[in-house]
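Please treat every number below as a calculation from the coordinates, not as lab data. Since this is a predicted model, take the numbers as computed values, not measurements. Because the Cβ atoms are built from the backbone with ideal geometry, glycine has one as well, and the counts that use them run over all protein chains shown.
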Amino acid sequence: MSNYLENALINVTLRATSYTAPTTVYLALYLTDPTDADTGTECSGTSYARQAITFGAPSNGASTNSAAIEFPQAGGSWGTITHIGIRDALTTGNLLYHSPLDASKTIATGDVFRIAVGSLSVTLA
């Protein structure tokens with residue numbers, strides 16, 4: 001979890017401070033670790049844009065994506081993707097969750113980055 005989300009959850013659960021959850025969350029691709037402080041380098045390049053994610057109901061503290069996530073075909077090199085982040089806005093906004101990929105993926109011109117249904121999991125333990 002990001003520092004932003006950790007603080008929001010502490011405030012809402014322990015301090016009775018309101019938090020407005022985003023209506024849509026987005027997957028962002030990173031060239032470097034975004035860290036809890038949201039300091040990583042997000043991918044950029046022709047056709048790159050964060051993609052909306054939908055999640056199923058949680059079970060035992062975990063939820064997975066309920067639809068495939070597919071980025072548009074790269075119009076140029078996007079670089080080597082090492083991490084992903086879940087954000088609360090299509091542009092700018094706040095980092096909520098982040099994780100390294102199991103294996104880095106270089107995105108070249110014409111490539112499409114996809115995550116299959118059920119392959120992205122958020123677990124609170």
Place a label point 7 angstrom from the Cα of residue 1 along the Cα-to-Cβ direction, then list the residues of the range 58-101 whose backbone nitrogen is under 11 Å away.
97
Could you tell me how many degrees, from 0 to 90 and to the nearest 10, lie between the Cα long axis of helix 3-14 and the main elongation axis, the longest principal axis, of the Cα atoms of the chain?
20
Label-point separation, residue 73 to residue 41 (7 Å along Cα→Cβ), nm:
2.7
Taking Cα centroids, how far is the range 1-58 from the range 69-125 in Å?
12
Highest to lowest packing among 50-56, 6-12, scored as the average C-beta count within 10 Å
50-56, 6-12
Which Cα, out of 73, 53, 11, lies furthest along the positive dipole direction of the chain (beta carbon charges, K/R +1, D/E -1)?
53
